[in-house]
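Engineer: First the structure, which I've put down as structure tokens, then a few questions once you've had a look.
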Amino acid sequence: MENILDIIDSIANEKGLSRENVQEAIKTSFIQTAKRIINPTFAFEADIDDRTKTVKLRQIITVVADDATEIEGEEVGAYMGLTNALEIDDEAEIGDQLQMEHDIESYGRSAFAALHREIEFHIQRLVENELYDKYKSKINQIVSGRVTRVDGDQNTTIEIDEIRAILPMKSRIKGEKFKVGDMVSAIVRRVHVDKANGISMELSRTAPKFLEELLALEVPEIKDGIVVIEKCARIPGERAKIALYTNRPQIDPIGATVGVRGVRINAVSEELCGENIDCVEYSSSPELFISRAMSPAIISAVVVSEEGDEKKAVVTLPSDQKSKAIGKSGINIRLASMLTGYAIELNEVGGSIQMGEKAQEEKKEGLSSLEALFGN
């Protein structure tokens with residue numbers, strides 16, 4: 001292993017690794033090889049000699065009393081009696097550590113092959129750790145790549161730089177279909193390290209954070225922190241609500257996000273397969289926030305109550321606003337509840353409607369219409 005420094009520089013440049021990390025990996029490889037071919041119970045140290053460009057491998061031997069039990073048995077080579085130690089170093093004392101130099105190459109070709117495997121292993125782990133740190137920092141950020149495979153369960157494999165990413169079927173927007181060669185953007189949900197397959201990422205296009213990051217790309221005020229997305233709720237591919245605020249009175253957070261003639265919000269909606277996006281202004285007042293979240297319905301009053309972890313809001317509204325408040329298939333009231341964190345009950349003239357009672361109300365309305373048309 002002559003010119004080890006040149007080898008380290010070559011590996012660092014080829015793999016894009018820091019020189020210091022490669023040096024540590026090489027030293028660890030020498031130590032692990034020594035334990036494998038000499039004795040796994042011995043302690044070793046490895047240092048790189050900058051002058052000779054070689055690795056110095058040394059066994060650490062602890063000085064003990066001549067009658068100590070450590071100098072008997074399998075670990076005898078890790079210890080040395082004081083009398084023998086004094087022959088090597090006349091100032092040796094019990095507890096001192098002596099060093100014995102070893103040359104890996106003197107143990108034959110099998111030892112050199114073992115060293116080669118250790119170096120490969122530790123360099124590969126180093127590469128994977130560097131990649132893991134790189135992509136772990138991208139969690140909750142948008143990445144883009146090309147589809148390389150779609151399996152029978154419609155899980156999509158996407159190639160992103162040097163690693164493989166998976167977009168599961170459950171994390172795709174309803175109705176989306178991808179084919180090999182398509183360019184796809186998604187948010188990084190988590191990063192995995194697998195011994196068999198190395199590093200892989202799990203992506204999502206349904207997470208609320210994906211919508212937030214898309215808005216940050218389209219709206220400079222959000223990217224710069226002038227407009228802040230306080231909360232976000234989505235039913236992917238159908239509808240979403242986002243709560244926005246700004247500390248600058250001269251800035252309209254809704255207008256800035258929507259853009260002139262809706263150009264900004266429409267660009268985001270197009271990426272999300274036509275998902276409708278409602279923008280509401282956030283308020284620290286629960287009553288006001290819930291009232292705004294129920295848009296486009298016009299609310300008369302909101303009364304909130306909290307008992308332990310249960311948060312409930314009773315929303316009073318005119319009868320003609322009921323259908324707007326509920327929305328198609330209950331989507332508006334569901335999103336408002338998700339956005340605010342309150343279980344919402346609608347209270348109108350003539351009774352109250354909870355989120356789960358929409359179907360019964362629609363049935364009653366249908367019967368009333370038939371009776372009016374045909375009589376009793």
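Engineer: What FRET efficiency comes out for Arg19 versus Thr316 if R0 is 51 angstrom and r is the Cβ-Cβ distance? Round to the nearest 0.05.
Structural biologist: 0.15
Engineer: While we're here: Near the amide H of Leu244, under 5 Å away, which other amide H atoms are found, from residues 5 or more places off or on another chain, if H is placed in the peptide plane?
Structural biologist: Long-range HN contacts for Leu244: Glu230, Val280, Glu281, Tyr282.
Engineer: Sum up the charges of everything whose Cβ sits under 12 Å from the Cβ of Asn13, counting Lys and Arg as +1 and Asp and Glu as -1, but leave Asn13 out. Write out the running numbers ahead of the final one.
Structural biologist: Numbers: positive: Lys15, Arg19; negative: Asp6, Asp9, Glu14.
Spelling it out: positives minus negatives among the neighbours equals -1.
Engineer: For q values of 0.07, 0.08 Å⁻¹, compute log₁₀ I(q)/I(0) with the Debye formula on a Cα-only model of the chain, without solvent.
Structural biologist: Debye curve over Cα of the chain, log10 I(q)/I(0) at q = 0.07, 0.08 Å⁻¹: -0.59, -0.68.
Engineer: Using a Gaussian network model on the chain with a 10 Å cutoff between Cα atoms, which of Val193, Val63, Val315 fluctuates the most?
Structural biologist: Highest fluctuation of the listed residues: Val63.
Engineer: Counting Lys and Arg as +1 and Asp and Glu as -1, what is the net charge of the other residues whose Cβ lies under 14 Å from the Cβ of Leu217?
Structural biologist: Details: positive: Lys209, Lys223, Arg264; negative: Glu212, Glu213, Glu218, Glu221, Asp224, Glu270, Glu271.
Net local charge, Leu217 excluded: -4.
Engineer: May I pose another question? In Å, what Kirkwood hydrodynamic radius results for segment 1-54 from the alpha-carbon pair distances?
Structural biologist: Details: mean 1/r = 0.0843 Å⁻¹.
Its Kirkwood hydrodynamic radius stands at 11.9 Å.
Engineer: Can you report the principal axis dimensions of segment 24-167 using only the alpha carbons, biggest first, rounded to whole angstrom?
Structural biologist: 72, 33, 27
Engineer: Going by accessible area, probe 1.4 Å, with all protein chains left in place, what is the ranking of His116, His122, largest first?
Structural biologist: Numbers: His116 95, His122 40 Å².
In descending accessible area the options line up as His116, His122.
Engineer: Ok, one more. May I ask you to evaluate 6.51 cos²θ - 1.76 cosθ + 1.60, the Karplus curve with θ = phi - 60°, for each residue of segment 226-240 and list the ³J(HN,Hα) values in order in whole Hz, giving x for glycine and proline?
Structural biologist: With coefficients 6.51, -1.76 and 1.60, one gets 6, 10, 10, 8, 6, 8, 8, 9, 9, 10, x, x, 10, 7, 9 Hz.
Engineer: Rounded to a whole number, what is D in µm²/s for segment 86-223 from Stokes-Einstein with the Kirkwood radius over alpha-carbon pairs (4 °C, 1.567 mPa s)? Provide the component values of the computation, followed by the final result.
Structural biologist: Working: Rh = 18.9 Å.
So the translational diffusion coefficient is about 68 µm²/s.
Engineer: Could you report the chain's accessible area per residue, 1.4 Å probe, as an integer in Å²?
Structural biologist: For the chain, the per-residue accessible area is 57 Å².
Engineer: Something else about it: Straight-line reach from Lys136: which aspartates and glutamates have a Cα under 18 Å away, not including same-chain ones fewer than 8 places off?
Structural biologist: Leaving aside aspartates and glutamates fewer than 8 places away in the same chain, those within reach of Lys136 are Glu128, Glu159, Asp161, Glu162, Asp194, Glu202, Glu213.
Engineer: For the chain, set up a Gaussian network in which alpha carbons nearer than 10 Å are linked by springs, and say which option among Glu307, Glu230, Glu238 fluctuates the most.
Structural biologist: Most flexible of the set in this elastic network: Glu307.
Engineer: With a 1.4 Å probe and all protein chains left in place, how much of the accessible area of the chain comes from carbon and sulfur atoms, in whole percent? Walk me through the numbers on the way to the answer.
Structural biologist: On the way: 9850 of 21300 Å².
Answer for the chain: carbon and sulfur cover 46 percent of the accessible area.
Engineer: Still on this model: Around Ser171, under 9 Å between beta carbons, what's the net of Lys plus Arg minus Asp minus Glu among the other residues? Could you put the intermediate results ahead of the total?
Structural biologist: Numbers: positive: Lys170, Arg172, Arg189, Arg205; negative: Glu202.
Here the charged neighbours net out to +3.
Engineer: With label points built 7 Å along Cα→Cβ from the Cα atoms of Asp103 and Ile139, find their separation and express it in nm.
Structural biologist: Going by the 7 Å Cα→Cβ label model, 5.0 nm.
Engineer: Now, a different point. Which value at 222 nm does the chain reach when only helices count, each DSSP H run of 4 or more adding -39,500 (n - 2.57), with the total divided by all residues and rounded to the nearest 500 deg cm²/dmol? Before the final figure, lay out the partial values.
Structural biologist: Numbers: 12 runs with 136 residues, N = 376.
Value at 222 nm, helices only, nearest 500: -11000 deg cm²/dmol.
Engineer: For the chain, set up a Gaussian network in which alpha carbons nearer than 10 Å are linked by springs, and say which option among Ser295, Ser171, Ser106 fluctuates the most.
Structural biologist: Most flexible of the set in this elastic network: Ser106.
The values are calculated or read from the model by the stated rules, or taken from the named source; none is laboratory data. Model, not experiment: these values are computed from the prediction. Ideal geometry is used to build each Cβ from the backbone, glycine not excepted, and the neighbour counts take in all protein chains shown. Just so you know, the surface numbers come from the protein's heavy atoms only, side chains and all, with ligands and any DNA or RNA stripped out. Shrake-Rupley method; radii C 1.70, N 1.55, O 1.52, S 1.80 Å.
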